[in-house]
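The structure appears below as structure tokens.
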Amino acid sequence: MRAKILFIAYLAVSLFAVQAQESNEKGIKFFEGTFEEGLALAQKEQKLLFVDFYAQWCGPCKRMAKTVFTQEKVGAYFNDKFINMKLDAEAEQNKAIAEKYKVEAFPTLGFFKPDGTPIAINTGSMGAEALIEAAKIAAGEAIGFEELYNMHRKDKNNLELQQQLLRQAPSFLSTQEGIDADKWIVRIRKLYRSYIEAKKGPALINAQDYIIISALGRTEEEGVSEMVEFMVANLPQWKEAVGDAVAYYIIEHNDNTMTRLVKEGDATYKTYLERIKTDYKGAYDVVTETSISPYEKSKLYYDAIYTLYKHKEPDTYISLMKEYFQKLGDEALSSDYGRVAQELYYATGDKLKPEHHRQAIEWIKIALKSEESVMDKANFMVMIGDSYKNMKEYVEARKYYNQAFAESLQMVDMPTAQQMIQYAIQMKLQELELLER
């Protein structure tokens, strides 16, 4: 998850207090201080440094703090082997450290030598067993990735060894840069393909291999499609092994496929739409919609997007989307409104009439009510400004451009994106000045 919102100061204080209480005597004991002070203490006590980079808004961070870090077996290992720290990666004093180690999602769990050299940077939440396994690898008590790879080269048919490598691959790749990263990506992709091919069958249906598939198997369309078909054909066994996660994997792939096809104006999206009622039904049954079925919801949405991109008919699109939101009712999310408005802009752009712009503005204003991403808020405001500019309502356009610029000032943790957005807004304001003369 990316950084979403900056909370006010008292919330930061209260959250820190809650997290401190959650790390009870049986769990991990966290050192309070700066990153540099943590490294100094690690050097003094001849230990490694473990850092939980979190964000105040991050739900998985809070769950780990409450349910994983507090476990006795986790505390016993980490307190013995590491100096442990929790750092709010969005706090001003920690931003340089977060940027240095490329902390962009939360939680990020880092293991460091006392000189600050990263041993492993793990993105995403972990259960207790996985966290202890990662810690043992960092501490040298379990075999690390490069050593495992050398063992694999000498025993290339050892599937258990390959599984260990692929489980560690995402964490290992996070510490690589430049040419080294490119080299290892090629090796890992090749290993992943051969591993899946060797195990594809009942032996592949287990929780450990699902983690590997979920982490590494999304990069090639053909490979993902083949895996999805395998999952569909063995869905009861997969659900018994990993629960509903496999169903959502199938749904995500089907939705991505339909999205790509409708935007290409390819009517074969209807084949995938019909599969929601047939061989994909077992997966879509995990979606509990009370007012509209997954098939009906998808049909309304993708038929509308297809009409827009294929025939450039905003009137039909708006009519279909109004029906879509009417049937969704209270189940419609603010993000749904924003996405629908964005598609209208992307597909038709300057061809929109005033009535189309006003409908897009209405949808975006609904989206803004609960949007948390500062960048998305700024972009939505720019879109509203563009609509008012196209309708020659320059006062309103200027108001929303200025609001977007003010929103972008909060993007201090994303300097490159901030500069790009601010430059674009400044260009739009200059264009507006010319139009107003």
Checklist outcome for this item: Counting only residues in region 359-394 that are assigned to a loop (DSSP other than H, G, I, E, B) and among the hydroxyl-bearing types (Ser, Thr, Tyr), the one most open to solvent (accessible area, probe 1.4 Å) is identified as Ser370
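Those residues that are within 17 Å of Lys239 (Cα to Cα) and buried (at least 19 other Cβ atoms within 10 Å of the Cβ), I need them from region 258-285; list them, please.
Selection gives Tyr280, Ala283, Tyr284.
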Checklist entry - Which condition number does Lys102 fail, the rest of (1) open to solvent by 30 Å² or more (accessible area, probe 1.4 Å); (2) in contact with a Leu (Cβ under 6 Å, 6 or more places away or on another chain) being met? => result (2)
Checklist outcome for this item: Considering only helices (runs of 4 or more DSSP H) wholly within region 293-358, the ones with at least 3 residues that are of a type in the set (Gly, Ala, Ser) and farther than 17 Å from Met258 by Cβ are 334-348
Item to check | Restricting region 147-171 to residues that are over 28 Å from Ala105 (Cα atoms) and open to solvent by less than 30 Å² (accessible area, probe 1.4 Å), the residue that is nearest to the chain's Cα centre (by Cα) | outcome: Leu161
Next on the checklist: surrounded by 18 or more Cβ atoms within 10 Å (Cβ to Cβ) and modelled with pLDDT under 95: which single residue out of Lys312, Lys297 fits that description?
Outcome noted: Lys297
Next on the checklist: Leu434 - would you say it is within 28 Å of the chain's Cα centre (by Cα) and open to solvent by 30 Å² or more (accessible area, probe 1.4 Å)?
Outcome noted: no
Item to check | Thr288 being part of a loop (DSSP other than H, G, I, E, B), open to solvent by 80 Å² or more (accessible area, probe 1.4 Å) and out of contact with any Lys or Arg (no Cβ under 6 Å at 6 or more places or on another chain) | outcome: yes
Next on the checklist: Could you go through region 195-215 and let me know if any residue there is among the hydrophobic types (A, V, I, L, M, F, W, C), touching a Phe, Trp or Tyr at 6+ places or on another chain (Cβ under 6 Å) and in contact (Cβ under 8 Å) with a residue 40 or more places away in the chain.
Outcome noted: no
Item to check | Matching residues, region 172-193, being open to solvent by 60 Å² or more (accessible area, probe 1.4 Å) and more than 21 Å from Glu104 (Cβ to Cβ) | outcome: Ile179, Lys183, Val186, Arg187, Arg189, Lys190, Arg193
Next on the checklist: Which numbered condition in (1) surrounded by 13 or more Cβ atoms within 10 Å (Cβ to Cβ); (2) within 29 Å of Trp238 (Cα to Cα) is the only one that Gly144 fails?
Outcome noted: (2)
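Mind counting the residues in region 395-406 that are buried (at least 21 other Cβ atoms within 10 Å of the Cβ) and touching a residue at least 24 places away in the same chain (Cβ under 8 Å)?
Number of matching residues: 3.
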Item to check | Filtered residues of region 160-210 (kept if in a loop (DSSP other than H, G, I, E, B) and under 19 Å from Ala142 (Cβ atoms)) | outcome: Ser174, Thr175
Checklist entry - Do any helices (runs of 4 or more DSSP H) lying entirely in region 41-138 carry at least 2 residues that are basic (Lys, Arg) and within 25 Å of Glu177 (Cα to Cα), and which ones are they? => result 95-100
Item to check | Any pair with Cβ under 6 angstrom, 6 or more apart, that starts in region 92-104 at a residue that is touching a residue at least 24 places away in the same chain (Cβ under 8 Å) and ends at one that is open to solvent by less than 20 Å² (accessible area, probe 1.4 Å) and assigned to a helix (DSSP H, G or I) | outcome: Ile97/Phe35
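Have a look at Gly124, Gly140, Gly116 and point out the one that is without any contact (Cβ under 8 Å) to a residue 24 or more places away in the chain and on the phi > 0 side of the Ramachandran plot.
Just a single option satisfies the conditions, and that option is Gly140.
The values are calculated or read from the model by the stated rules, or taken from the named source; none is laboratory data. Because the structure is a prediction, the values reported are computed rather than measured. Heads up, the Cβs are rebuilt from the backbone with ideal geometry, glycines too, and the neighbour counts pull from every protein chain shown. Calculation scope for accessible area: heavy atoms of the full protein, side chains included, ligands and nucleic acids excluded. Shrake-Rupley method; radii C 1.70, N 1.55, O 1.52, S 1.80 Å.
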